[in-house]
Each structure stands twice: as C-alpha cells, then as structure tokens.
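Here is the structure we will look at, set down as structure tokens.
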Amino acid sequence: RAKGLGGRRVEVFATHMHADVLRRLEIASDLQRALLENQFAIEYQPVVDLASARVMAVEALVRWCRGGTFVPPEQFLGPAEDTGLIVPLSEWILREACREVAAWRAEGWEIGLSLNLSVRQITAPRFVETVSEALADSGLPADALTLEVIEEMLVENAEDTIGRLSQLRALGVRLAIDDFGTGYASLAFLRQVPVDMIKIDPSFVSGLGRDETLTLLTRTIVRLGHDLGLIVVAEGIERPEQLDLLREMGCTRGQGYLVGRPTAARRIDSLKRTTLQNTG
Ligand code: C2E
Ligand code: MG
Ligand code: MG
Ligand code: MG
C-alpha cells in the first residue's frame, strides 16, 4: 500500500511539473513574436511623498497583452530571462519610459522615473552605455532616473554587478533596493552598493496595525534607512491605517493601490491629480 501511495505522489508531481514546463516553453516561444508585434505596454504607478502628498516619481511596470489576455509579469519575466529576450525587452522599456517621462517633465510635471532591472540586463554587454544613451536620447536628467534591483541580483555575479551599478551611480543615476527585507544579506550589501533608496516589501507593510511583529519590523527598517541617510519607500499601501502609521513612523515615500494604481500612459493625467487627501 505504501508503495502505491508513493507512486501516485510521484505521478502527481510529474504531471504538475510537465504542465509548468509546457507553459513556460509556450510563453517563451510567444515572447519573440510579442516583441516584434509590440504586444508590450508600460504602466506607471505613482510614488508619493508621504508628508506633502506630492507625486515624486512613477515606477514603470511592464504589461503583456497576449491575444487579448493579460499575462502577469511574474509569469513571463522568468521565461524572458531564460531565453535572453529580457535584454531587448528591457531596452525597449528603458527607452520608452525615459522618453515618456521626459515628455511629461517638459510639460512642467517635475517627476522622476523608477525602473526595475533584471540580472541578464545588468550583466549584458553595453548595459551602462545603453542606459546613458537612453538618457541622452530622451533628455531625461540622470538624477531623475532610479534603477531598482533586488538583493538576489547583488549575490549573483556580485563583483561585476556592483561595478556596473557603481558606474551608473557615478553618472548621477539613483539606485534602489526593491523588496527590501525579503532577500539575503540586506544589511551587508548596504555597505557595498552605493544605494540611495530602499523599498520596504509589501509583506511587511501588509501587517501594519494588524501584526505587532511586522509593525515593529517596519518601524525598524524605516529607522535604519533614515540612519543611513536613505530615502525609504513603503510598497503595497492599501489601507488608510497603513498610511497613518507610515506617516507617524516618518517613512519618506509611499506606493500602493490606496495611493495610486499602475496607469497607462494615455491616462497619465489622472495621476497628476493623485493626492493622498482625495484617495485616503
Ligand atoms: P515590484 O517592482 O516590487 O513592483 C510592485 C508590484 O506590486 C507591481 O506588480 C505592482 O502592480 C504591485 N502593487 C502596487 N501596489 C500594490 C498594492 O497596493 N497591493 C498589491 N497587492 N500590489 C501592488 P507587477 O506589475 O505585477 O510586477 C511584479 C514584479 O515584476 C515587480 O515587482 C518587478 O519585480 C517585476 N517587474 C515589473 N515590471 C518590470 C520591468 O519592466 N522589468 C523588470 N525587470 N521587472 C519588472
Ligand atoms: Mg520595483
Ligand atoms: Mg517591490
Ligand atoms: Mg517584487
């Protein structure tokens, strides 16, 4: 009986794995065409100064509409990374977002741009040159661009990655650690990488006011960031209670559905009016 049970377990596992592998292969093969056919779009989510309620920046988030169906980034970024298609895709996002934000700035809306980086993108030849060309071509000042990395990226190819990020920093580009608190070696890397900003992961923010430990951890991260002279951004703010606590803790900036949802460029005017007063 035990043997039968074990056999079934293996079978269930294999079927599950098979479906997952198939889905990834299917996505990988569709990505190439998606890139050629411009099926990707960018949405911009506001990052707001918590004290003044002013929109300080927008974070560019990639969107794929595959035959009329939205595919979440978490599903296609892995396959894009595996196939290397993340490199041309990321370059398109970089150039497009720099161009759009530079145009909004030219209309008098003084905002910055935050972009998420991928491992293959950072380690690709000419990464630093590509960023600096995108800035020059769009006219976006280097200090208006923040590049977000997650801690895992700083672990793989650490020396090369940190070297390239430092070169970008020297150009005036800002650096942020995204999903802060969830990766490895958070504190050690703050010494090696010249970061300007940490973004507190939603897994902490979600517990604000509901979970004593998560509230305490959030408060501790905010204080740590301030003591190191960093801008501290809280991600995933959904409830007014979270916003109140973050303001009381002195957290610099906030991002989340309560503050503003990711928004298509053609509807960006609605973001200009985003204030915490009328959403919270
Ligand atoms: P991230 O950089 O941490 O981005 C924040 C994610 O949280 C986004 O998901 C955003 O839509 C979502 N979010 C924002 N506010 C809230 C909220 O109040 N509640 C909840 N539940 N979620 C909220 P999205 O767009 O699905 O992106 C997921 C991840 O995919 C991003 O996490 C980032 O790591 C990656 N990603 C997105 N766009 C790009 C890109 O252009 N390039 C690269 N390399 N990665 C990207
Ligand atoms: Mg991010
Ligand atoms: Mg994050
Ligand atoms: Mg994330």
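Does at least one position in segment 188-205 carry a residue that is among the small types (Gly, Ala, Ser) and over 16 Å from residue 94 (Cβ atoms)? Within segment 188-205, one or more residues are among the small types (Gly, Ala, Ser) and over 16 Å from residue 94 (Cβ atoms). Counting only helices (runs of 4 or more DSSP H) that fall entirely inside segment 173-273 and contain at least 2 residues that are closer than 22 Å to residue 146 by Cα, the qualifying elements are 186-192, 202-205, 212-227, 269-272.
Of the residues making up segment 31-68, those that are surrounded by fewer than 18 Cβ atoms within 10 Å (Cβ to Cβ) and in a loop (DSSP other than H, G, I, E, B) are 37, 38, 39, 51, 52, 53, 54, 67, 68.
Rundown of residues vs (1) surrounded by 17 or more Cβ atoms within 10 Å (Cβ to Cβ); (2) among the β-branched types (Val, Ile, Thr); (3) at pLDDT 95 or above, yes/no style:
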position	(1), (2), (3)
211	no, no, yes
215	yes, yes, yes
219	yes, no, yes
222	yes, yes, yes
227	no, no, no
231	yes, yes, yes
237	yes, yes, yes
244	no, no, yes
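Report yes if residue 101 is at pLDDT 95 or above, assigned to a helix (DSSP H, G or I) and of a type in the set (Val, Ile, Thr), otherwise no. Yes; evaluated as a whole, the condition is true for this residue. Within segment 146-163, is there a residue that is within 15 Å of ligand 1 (Cβ to nearest atom) and farther than 27 Å from residue 236 by Cβ? No: zero hits. Suppose we keep only residues that are away from ligand 1 (no atom under 16 Å from the Cβ) and surrounded by 14 or more Cβ atoms within 10 Å (Cβ to Cβ) within segment 174-195. Which one would you say is modelled with the lowest pLDDT? Of everything passing the filter in segment 174-195, 189 is modelled with the lowest pLDDT.
Within segment 69-90, the set of residues being more than 16 Å from ligand 4 (Cβ to nearest atom), open to solvent by 70 Å² or more (accessible area, probe 1.4 Å) and not aromatic (Phe, Trp, Tyr) comprises 69, 82.
The values are calculated or read from the model by the stated rules, or taken from the named source; none is laboratory data. All values derive from a computational prediction rather than experimental measurement. Cβ atoms come from the backbone with ideal geometry, glycine included; neighbour counts cover every protein chain shown. Just so you know, the surface numbers come from the protein's heavy atoms only, side chains and all, with ligands and any DNA or RNA stripped out. Shrake-Rupley method; radii C 1.70, N 1.55, O 1.52, S 1.80 Å.
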